[in-house]
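Enquirer: Would you mind keeping the following structure in view while I ask a few things?
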Amino acid sequence: MKRVWRLPGAPLRSSVVRSVLAGVLVILAYAPVVASETMSGADYIKRSFLFFAAAAVVIVGVADHHPFPRFGAANTVTLLRVALVAGVAGLIGETPSDRVAWLAAVFVTVVALLDGLDGWLARRSVQQSAFGARFDMETDAALILILSMLVWHHEKAGGWVLACGLMRYGFVVAGWILPWVAGPLRSTLRGKSIAIAQLVGLGVALLPVVPVPISDIVAAITLALLVWSFAVDIAWLKRQATA
């Protein structure tokens, strides 16, 4: 039985480590600045590093599944996005405030702008892979979960908004119970558009300038789009399993 987690061999291992170190430098660059704008200060930096450290352990361990001898520019960009997502994760422990919400909005904007760069780099360098696509998807999924928690914590929507972030992980668990649900999914424009819609919708709902009744509506539409997209995917997987 092939192990899921193991250290990659050289030279992949060294290129992965360099990418992780680049992520650490990104956090070192922004964390002190953001911490100065938060109530918890140094604790914010600790939370951001803890999130990134946990993500880095997983990434290094599964990088052996990467089909190329180098980690590549595309995956490095995705890892830098993870470093920025860590900055959003660090805000979860902060007392809800307009300042925290604006900080999260800045992070989300930068992460979203970088979202297409990794794919473009992969195509340009002819290093597209299932690993890279999954890495990108899981990064988006983590950010969506964190954003849904912030929206709820800031009381911009009810607890039901957490479904936006938990649905992806519920889908994974369903695949353990029903093997056909764990089948390979198509890469579609719909799926990519819905992922972007989640970031935009939850980001807008969190904005201080969006009042609670409107933020509820925006979050509800965001969740409805996600439910529809998952329903389409599940129906397609079921047809593939019975074909």
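Enquirer: Please enumerate the residues belonging to the stretch 136-159 that are not in a helix (DSSP H, G or I) and not small (Gly, Ala, Ser).
Expert: Those that are not in a helix (DSSP H, G or I) and not small (Gly, Ala, Ser): 154, 155, 156.
Enquirer: Just to check your reading of the model, which residue among 166, 178 is free of Cβ contacts under 8 Å to residues at least 12 places away in the same chain and out of contact with any His (no Cβ under 6 Å at 6 or more places or on another chain)?
Expert: Checking each option against the conditions leaves just 178.
Enquirer: I need every pair where a residue in the stretch 205-218 that is part of a loop (DSSP other than H, G, I, E, B) has its Cβ under 6 Å from the Cβ of a residue that is of a type in the set (D, E, K, R), sequence separation at least 6 or different chains.
Expert: Pairs that qualify, where the first residue is part of a loop (DSSP other than H, G, I, E, B) and the partner is of a type in the set (D, E, K, R), are 208/98.
Enquirer: Anything in the stretch 182-201 that is more than 17 Å from residue 138 (Cβ to Cβ) and either among the aliphatic types (A, V, I, L, M) or buried (at least 16 other Cβ atoms within 10 Å of the Cβ) (or both)? List them, or say none.
Expert: 189, 197, 200, 201
Enquirer: Tell me which residues, restricted to the stretch 91-116, are within 14 Å of residue 78 (Cα to Cα) and of a type in the set (Gly, Ala, Ser).
Expert: Selection gives 112, 116.
Enquirer: Given (1) open to solvent by 50 Å² or more (accessible area, probe 1.4 Å); (2) farther than 26 Å from residue 110 by Cβ; (3) in a helix (DSSP H, G or I); (4) of a type outside the set (Lys, Arg), where does residue 166 come up short, assuming only one miss?
Expert: The failed condition is (2).
Enquirer: Whether any residue in the stretch 136-150 is within 21 Å of residue 217 (Cα to Cα), open to solvent by 20 Å² or more (accessible area, probe 1.4 Å) and without any contact (Cβ under 8 Å) to a residue 40 or more places away in the chain is what I want to check.
Expert: Yes, there is a match, as at least one residue in the stretch 136-150 is within 21 Å of residue 217 (Cα to Cα), open to solvent by 20 Å² or more (accessible area, probe 1.4 Å) and without any contact (Cβ under 8 Å) to a residue 40 or more places away in the chain.
Enquirer: Out of the stretch 116-135, which residues are open to solvent by 30 Å² or more (accessible area, probe 1.4 Å) and either in a loop (DSSP other than H, G, I, E, B) or under 22 Å from residue 91 (Cα atoms) (or both)?
Expert: 125, 126, 127, 128
Enquirer: Let me ask another. Can you confirm whether the stretch 93-112 contains a residue that is surrounded by 20 or more Cβ atoms within 10 Å (Cβ to Cβ), farther than 29 Å from residue 212 by Cα and of a type in the set (Gly, Ala, Ser)?
Expert: Taking the stretch 93-112 as the starting set, the residues that turn out to be surrounded by 20 or more Cβ atoms within 10 Å (Cβ to Cβ) are 94, 100-101, 103-104, 107-108, 111.
Next, only the ones that are farther than 29 Å from residue 212 by Cα stay: none.
No; the residues of the stretch 93-112 include none that is surrounded by 20 or more Cβ atoms within 10 Å (Cβ to Cβ), farther than 29 Å from residue 212 by Cα and of a type in the set (Gly, Ala, Ser).
Enquirer: Here's something else I'd like to know. Given (1) assigned to a helix (DSSP H, G or I); (2) free of Cβ contacts under 8 Å to residues at least 60 places away in the same chain, identify the lone condition not met by residue 95.
Expert: It fails just one condition, (1).
Enquirer: Taking residue 70, is it touching a residue at least 60 places away in the same chain (Cβ under 8 Å) and of a type in the set (Lys, Arg)?
Expert: The answer is no for residue 70.
Enquirer: Can you list residue pairs whose Cβ atoms sit under 8 Å apart, with the first residue in the stretch 220-236 being acidic (Asp, Glu) and the second being open to solvent by 60 Å² or more (accessible area, probe 1.4 Å)? Count only pairs 6 or more apart in sequence or on different chains.
Expert: The qualifying pairs are 233/185.
Enquirer: While we're here: When you look at residue 176, is it in contact with a Lys or Arg (Cβ under 8 Å, 6 or more places away or on another chain) and open to solvent by 40 Å² or more (accessible area, probe 1.4 Å), yes or no?
Expert: The answer is no for residue 176.
The values are calculated or read from the model by the stated rules, or taken from the named source; none is laboratory data. Remember, predicted model here, so these are calculated numbers, not experimental data. Positions of Cβ are generated from backbone atoms using ideal geometry, with glycine treated the same way; all protein chains shown enter the neighbour counts. Please note that ligands, DNA and RNA were not included when accessible areas were found on the heavy atoms of the full protein model with its side chains. Shrake-Rupley method; radii C 1.70, N 1.55, O 1.52, S 1.80 Å.
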